[in-house]
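The values are calculated or read from the model by the stated rules, or taken from the named source; none is laboratory data. Computed from a predicted structure; not experimentally measured. Cβ atoms come from the backbone with ideal geometry, glycine included; neighbour counts cover every protein chain shown. Note: areas computed on protein heavy atoms with side chains; ligands, DNA, RNA excluded. Shrake-Rupley method; radii C 1.70, N 1.55, O 1.52, S 1.80 Å.
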Amino acid sequence: MNIHESGEMYLENIYVLSQQMSGVRSIDIVNHTGYSKPSISRAIGLLKDEGLILVDQKGYITLTEQGEARAIKIYERHELLTEFFTRIGVPEEIASADACKIEHVISDETFEAIKKHANMN
């Protein structure tokens, strides 16, 4: 399955929100990200078509098993890379922004090597 960086960002945001609240709706993603409602609606449709999320009749969004696995992978990358960059002296805001860019393109092999090197297992 090959979703774009933006799709991964939406999955990650749905995951983060689902850890903070009992139910996630499109408006919650709008409020959390600042993205437009049409942008969120389009992304939700694409993620649903890919089988990564489910949307119930009341508009509540849940990650499928596949979607959750993908979201957790991206979230872990973001957290670890942010921490790694701050450890080497990058200011946290910059570290987080850079991690957000890198988390989508870094190979599994490179990520695992950074993880091992940083003793962040």
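Annotations for the structure displayed:
- Distances between placed amide hydrogens fall under 5 Å for residue 24 paired with 61, all partners being 5 or more residues away or on another chain.
- Backbone geometry of region 17-28 corresponds, through the Karplus equation with coefficients 6.51, -1.76 and 1.60 at θ = phi - 60°, to 3J(HN,Hα) couplings of 5, 5, 7, 9, 9, 6, x, 10, 10, 3, 4, 5 Hz, x marking Gly and Pro.
- When only alpha carbons are used to place a centre, region 68-119 and region 36-60 end up 26 Å from one another.
- In the assembled protein chains, residue 25 presents an accessible area of approximately 100 Å² (probe radius 1.4 Å).
- Dipole axis of the chain (+1 Lys, Arg; -1 Asp, Glu on Cβ), positive-most option in 96, 60, 81: 60
- Helix axis angle, 37-49 relative to the chain longest principal axis, alpha carbon, degrees: 90
- Using a probe of 1.4 angstrom and keeping all protein chains present, the accessible surface of region 38-121 works out to 64 square angstrom per residue.
- From phi via Karplus (6.51, -1.76, 1.60), per-residue ³J(HN,Hα) for region 83-99 in Hz, x at Gly/Pro: 5, 4, 5, 5, 4, 8, x, 7, x, 4, 4, 5, 4, 5, 5, 5, 4
- Across the chain, counting alpha-carbon atoms alone, Rg and Dmax equal 15.0, 47 Å.
- 3J(HN,Hα) couplings calculated from phi for region 60-71 with the Karplus curve 6.51 cos²θ - 1.76 cosθ + 1.60 (θ = phi - 60°) are, in sequence order, 7, 9, 10, 7, 6, 4, 5, x, 5, 4, 5, 5 Hz; Gly and Pro show x.
- Cα-based helix-to-principal-axis angle, 108-117 vs the chain, degrees rounded to 10: 50
- Rel. contact order, % - alpha carbon contacts under 8 angstrom, at least six apart, the chain: 22
- The accessible surface of region 10-118, taken with every protein chain in place and a 1.4 Å probe, is 51 percent carbon and sulfur.
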